[in-house]
Structure formats: C-alpha cells, structure tokens
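Computed from the coordinates by the stated procedures, all read-outs in this text should not be read as laboratory data. Here the structure is a predicted model, which means the values were calculated and not measured. With ideal geometry, Cβ positions are generated from the backbone for all residues, glycine too; neighbour counts draw on all protein chains shown.
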Amino acid sequence: MKKNKPDDISEDIYVGFVRSLFTGAVILLLGALTQGLIGLLVYWKTGAPIYIVLAILMAAASLGRYLSILRVDRDTIVGYETAQRWERYYIFWGTIQGFCVGVFAFVALYVVPDSFGEIAAISVVLASTITIAGRNFGSRKMVIILSLSVLLPISFGLMLKGDFYHFLLGLFIIPFIFTINKMAHLVRTVLFTAISEEKKANKIAERFNRALNTMSHGLVMLGPDGRVVVANAEAAHLMSFRSPDALLGRTIHAMLMRGVAGGMLALKDCRFIEGQLTRALREGRDRKVLVSLSNGQYFEFSAREGSQELGVITFEDVTQRVEAEEKVRTMARFDTLTGLPNRAYFHEVVTETLSSGDRERSCGLAILDLDDFKSVNDTLGHPVGDGLIYAVAERLAAFASENIKISRFGGDEFMIFINQVEDEGHLSGILDGIFAGLQGEIDVAGHALRIQASGGAVLARVKETEVDAMIVKADLALYKAKELGKNDWQLFEAAMDEAFRNRQLMKADLRAAIESNALRVVYQPIVTMDTMRIASSEALCRWEHRDLGPISPAVFIPLAEEMGIISEISHFVLEAACAECVTWPENLCVSVNLSAKDFRNREVIDRVRGALASSGLAPHRLEIEVTETALLDDKSQTRQYVEELKALGVRIALDDFGTGYSSLSYLHKLPLDKVKIDRSFLIDVSQNARSLELLKGVVNLSRSLGLTVTIEGVETFDQLKVLSSHVKPDLVQGFLFGSALTASGIETMSTTVWPFAKDAQDERRAAKAKGIASLRQPPA
C-alpha cells in the first residue's frame, strides 16, 4: 500500500521540504560553539563538574548534527522513499541535540541549582526554541521532538522546585510547545501555498508558452516603449532569427530593417509598414497590411492594441492564400479559352480609363465579330471553333499595349478600346492594321481556316461618352458592316443615330408599360438533378410591345437600368411572384432577381417584407437572387441589406457566379444559401476537358462551403449528361426544360418528371459503375 506523504502533500513538495532541512548548516556550528562556551561558563561560576560534561555533550551534539548535514547531497533527495530515509537521519541527530540542551536546562534548574546557571539554561533554551520552527519546519516530527525535548525538561525542573510559583511557571511553559508546533505548521502552510501557486503559475506559463509557440502565426508583443517583450517561435522563424529570445528588446523598425538588409523588403515598403503598424497601435484600431517580398512570398501583418499598454502584432505567410485568390480572380476576369480580359473586366478597365486623364481627348472603341463562325461550329465541331477563337485572340493580343486594350466579349466577339485617338484617320489606321494582321489562313486540328471578321467602331470625346453608349454605337456600326458584305469594318455615323431615336421611343414606351401594368411575369423551371422534377422557378419579366410585339429582356432590362426604373420592375415581379407562388404546392419555391440599384437603399427590405405580408407566402419559399454587380457597388452596405433579408427568413442566392469578380470573399462573408453558376461555364463543357474541370472545381468549392449549387443555361442533352455524370449539381435550369411557363403552367408541371430523366440517371449510374470498376482493376 502506498503511504501518504506528511500532511498529505504532494511528493515534490514533500521532497522540497526535506531538502530544506539540509541547508544553512553553519548556524549549527555557531550553536555548537555557543552552547559549549555557556556550559563551561556555568561550570566556572558553580564549580560543578557535571557542567563540563554537559558543555562537551551539547557542543558535540551540535557539531555532529552540523557534520551530518554537510555529508548529505541535496540533489540525491529525489523521491519519497529517499526523502523519508534522510528525514529519519535528520531527526536522529536533531533528537540528540535537543536532548542534550534539555538535560542541561533540567540540571541547571533542579539538580545543581544556581541563579546564574538557571539564567544560562533559559538563554540556551530560548535560543534553541527560536530556531525550532524556522529551521525545522520541513519536518513536523522534528519540530515536535525538539519542542518536547527542549521545553519539557525546563518545565519539569521548575515544577520540581516545590513552591507554588515555580510549579505554576513550569505549567505555563507547556503551552509554548503547542505554540511552536503551530508556528511551524503555519510556516509550512505558507510555503506550501506559495509553492502551489508558483506551480500553477508555471503551469499557466508553460501552457501559454506552448500555445504561443504552436501558433501558425508569428506573434510579438510590444511594451510601452515600443520594444518586443514577448515573441513566439513562428515569429523568429518568419523573421529568420535563431530563437524568439533574439527578438526581445527590438523595435518594429529594427525587425523590418532586417528584411531590408536581407534584400527581402524594399526600404520604402519598410517605412510604409512601420507607419501603418505604429499608427494602428497608437490609435488602438485593428489594421492589416499585406506585404509582397522580393522572393515572391506574401506576409500579412496585423496590429492591435492589447491590454496593459501592450501592443500586439501578428503576421503570417499568406502566399498560398494570395495565390489562390489571384487564381480565382484571374479565372473571373480573364477568358479561360483565350486568356484575354472578359466582358466584365474589360468594362471595368475601360470605365476606369475614361474617368482618368485628359477629359478633352478622343477615344475609340471597336467590336469585331467573326463572320460565319456558327457554321464552323456546326460543321467542324466546337473544338475546332475554339481553336479558331484562340488563334484570333493570339493575333489580336499582339496589338495590345498601354493605349490599346483587347477583350473577348463573349462567343465570337472581341472588343478593342483605343484610349487616345488623334482623329478619324488615326483610328482608321489602327483598325486597318489590326484587320490586316488578322488576315491569312490558320491550321486548326488539320483544318485550314481563313480568318474573316466584321467590325464596328465609334470615335468619341471622353467627356461626352460612356462605355455602354460607345458599345451600342459600335454594335450598330458592326451591323452595318455585316449588311454591307462582311469582312470589313464601319465607323459609326450620324445616320446611324436613328437607332438611338428608336431607343428613346422604346424608353418612353417602357415607362408607359410599367405605369399601366402592361408587363407580365413568367417562370422558368428550376429542376432537381436527382429527380428531374420542378423544385423552384425563376420569375422573369416579359414585355409585349403594342407595335413591335415581344421585346427581349436583354433589350428592355438594360433600358430600365439606364432609365433608373429597374427597381419598379423588380418590385412588380416580386409582388407577382409571391402572389402566384402561394397558390402552388408547398414544395415549390420562387426566385426573384433584384438589381444592383435595388441594393442602394434599405427600401429593398421593406419591399420584400411587404410582398411576403400581402401574399401570405412563407419566407423560406422566396429566394432572392443577388448579382455580383450589386456586391461591387458598396460591399458593406449590400452585405448589411443581404443579412437583413436573410433575417426575414428568405433564401439568398448569388446569381451569375463567374461573370464578375467571383471573389471567394463573397462566398465566405455573405450569408448565402445558393450559388447559381453562369451559363458561360457550360458552353463547351461536353467537349472541353479543361472547361469541365473548371466547372467541377467551382461546384466543389461552393459545395464545400455548404451552398446549394444551380447551373444555368442547360440547353442540350449532352450537357445534362455531363452534369449528371461528372459535375452533379443540386439543381439545373435552361431551355432544355422548355421555355418559361405561366404560373398555372408551373403548377401543372410540378408533378411532371421530364422524359429524359431516366436517360440522365442511367448515365449517372453507368459513370458510377465505371468508377467502381476502375477501383477494382488490379494494378499493372
């Protein structure tokens, strides 16, 4: 059976107490000398030989105890058994010394009484008792033995004198025995508490140190004087120091200058970072600084004010994150086939270019469209068509410069923007050169193809135009070039302005249609991939012009945005969609697009709340689609409105993902339920493995964030088969499932399973079986 340590204290503390017994032995040597001399002094005074014997015994006992302590190596007292053995050894010599002192006192008081001897005995006892608690607290047994052996003899000696007063005085000494033991216990308790608290503090410090040094971030804490007082191992590693201690005492400037000295950081960057971090610490605000190093790494520094005037700076290597975001940003901004800027990014770049520089300068914009490109796709296949697009892009990219921007606008259309044009002749020279550069035959997969393109251009003064207006005019000129026989380009002329007048008339008609409720709402089915049943529908606005007939949304929606009345259309569609959806089966939902303008004020919240209240539609059956354009206008405000919409209980979808910035931050920061992947990802997915991998990557990324995935623009059964077998989105929509339906049509079709559902499911099962078979295939 395991024995308890004295006072049931932990082993390490007990060992520490025992070790304390074997320290400070010099005082015993002094005690041996003093006690021996006092005994001789009493002998000199009384002439009694017994005092010589007692003087020698007391001196010998003290000296023996001194020597016994010296021969003990404290470091060898490491365990309970060893400590217990050495404690008994200490008690043995202590008992001898205490007994000798007690006998001396008893003899002086009773056996050979003498007034001077009594005073000397009491002095020796008094000196001994003072050291009992202070020197022997580490052994409770030793304190008890010494207090009894030293005080009981003097107590008995007084009581044996026979008179009342001495007897009573002897009794009064007995409580001092308990007092000494209590004092020793108090000392032990105080020390035990101090040691325990120190252990706790050390354990907390150890945990803090472990947490600090296992962080993936580098961390330094700065004192009030701006110098490092705490640093972790990662900080030392990232700063190329041998250990965290090497960072202590350094300032922010000194740490950053090490990067400058190593050629990793430019001096101006060092000053900028130091200024930003110092300002953040001084103002007590969080601030982050992204730094690009000369070796291609990226560090992100964060500064914040800590407690007790301590500043905290963390930093980490974010190279992988930056590269991943840059990759996604590149995918969103640049065409995957040609590597040229896509439509959205081109629009952004040109808009920024127009807003800067001399507003009096002239600029030009041209649209190029490949002639009869559709026939190439139809006769030779999409891979050959892609090869032709790529070859044209290569030739056009050769003309790109600071003054000339090239973009693939979509399909077989390319856009050219010339930032500074002297006059019409200058523009003609540039475009003639570009068209000449396109001429010639190319070989695509063994097919000799001749590049032939038509173009439309516009020349305008910067202060009098905008990107969209130039595109419209260039497009009109393109149509004119095609009318005149293709394979050439035309410059926009005043005669083409008739189109603009017609456009203005259409604007007026559109406004009248909105005011008279002449618009109507239809619904495009959104089908589940697994069951091929309608799960939801997207509300779409339609306009039947009294003279021109049906007007495409691609025409009147941009008109409404230009006129600033798009929110009125959004409100009309929202009210109609909610009112119709409430009459459908409970499992059907409806999606409504809200424009960027809708998110410019909080009225959008009230409109959604009002539509739900007036229709009685359950909030979870309404899905609000937000475009990336809306997110770009004012990210913080849009996020606030989206969160408030989410709080109403409606679902939030990010529409047309992949056509704008497609920043990962949208998926991470916004409270989204769904991502709708743009049809552009699907165009050549059945022929192009690269496009398929890109689409799968976007779907898997979205799904890993817990988002439902809808793929738009499904137009062919081949596309559906690829989606079913390889991509496996949650939902799909597109013209493959028919044109948009009326509200009653949606209700009627709600229980319908599309006839090709079985084929798609068979394809999926076949792909799955093929994958399992490949897993069972024995290695070669």
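With N counted as the residues of the range 444-495, its alpha-carbon radius of gyration over 2.2 N^0.38 Å works out to 1.45. For the chain, the longest principal axis of the Cα atoms and the long axis of helix 553-563 meet at an angle of about 70 degrees. Helix 115-136 axis versus longest C-alpha principal axis of the chain: approximately 20°, rounded to the nearest ten.
Looking at this model, which pairs from K507/K646; K463/K669; K405/K463; K327/K597 are more than 26 angstrom apart at the alpha-carbon? Could you put the intermediate results ahead of the total?
Details: K507/K646 34 Å; K463/K669 38 Å; K405/K463 19 Å; K327/K597 29 Å.
Long pairs (Cα-Cα over 26 Å): K507/K646; K463/K669; K327/K597.
Could you work out the percent of alpha carbon pairs in the chain separated by over 43 Å, rounded to a whole number? Value for the chain (Cα pairs over 43 Å): 57 percent. Where the alpha-carbon atoms of the range 159-270 are placed on the principal axes, they occupy 98, 26, 20 Å, in descending order. Each Lys or Arg adds one and each Asp or Glu takes one away; over the other residues whose Cβ falls under 10 Å from the Cβ of G249, this sums to 0.
Electrostatic bookkeeping for E625 treats Lys and Arg as +1 and Asp and Glu as -1; over the other residues with beta carbon under 9 Å from its beta carbon, the sum is -2. Measuring how big the range 394-444 is from its alpha-carbon positions, Rg and Dmax come out at 11.9, 38 Å. Using the Cβ of A393 as centre and a radius below 13 Å, the other residues enclosed give a net charge of -3, where K and R count +1 and D and E count -1. Spin-label model, L505/E198: points 7 Å from Cα along the beta carbon direction are separated by 9.9 nm. In whole Å, what is the distance between the alpha-carbon centres of the range 486-532 and the range 570-638? Answer, in whole Å: 22.
Normalised by 2.2 N^0.38 Å, where N counts its residues, the alpha-carbon radius of gyration of the range 41-192 equals 1.13. Helix 343-354 axis versus longest C-alpha principal axis of the chain: approximately 90°, rounded to the nearest ten. Quick note on the range 230-299: its Rg to Rh ratio, both from C-alpha atoms and Rh being the Kirkwood radius, is 0.95. Kindly provide log₁₀ I(q)/I(0) values, in the same order as q = 0.19, 0.22, 0.27 Å⁻¹, from the Debye equation applied to equal alpha-carbon scatterers of the range 566-642. Debye curve over Cα of the range 566-642, log10 I(q)/I(0) at q = 0.19, 0.22, 0.27 Å⁻¹: -0.75, -0.96, -1.27. Taking a cut-off of 18 Å between Cα atoms, list the aspartates and glutamates near K203, but don't count ones fewer than 8 places away on the same chain. By straight Cα distance, K203 reaches E11, D12.
Each stretch of four or more DSSP H residues adds -39500 (n - 2.57); spread over every residue of the chain, this sum gives -18000 deg cm²/dmol at 222 nm. Report the Cα centroid-to-centroid distance between the range 55-76 and the range 668-725 in angstrom, as an integer. Here the answer is 88 Å between Cα centres.
Quarter the surface of the alpha carbon convex hull of the range 25-111 and you get the mean projected area, 5.8 square nanometres. Orientation-averaged projection of the range 470-537 equals 8.7 nm² [convex hull of Cα atoms, one quarter of hull surface area].
How big is the Cα convex hull of the range 85-141 in projection, averaged over all directions, in nm²? Walk me through the intermediate numbers first.
Details: hull surface 15.8 nm².
Average projection, Cα convex hull of the range 85-141: 4.0 nm².
For M529, the residues whose amide H sits under 5 Å from its own are L731, V732, ignoring neighbours fewer than 5 places away on the same chain, with H placed 1.01 Å from N.
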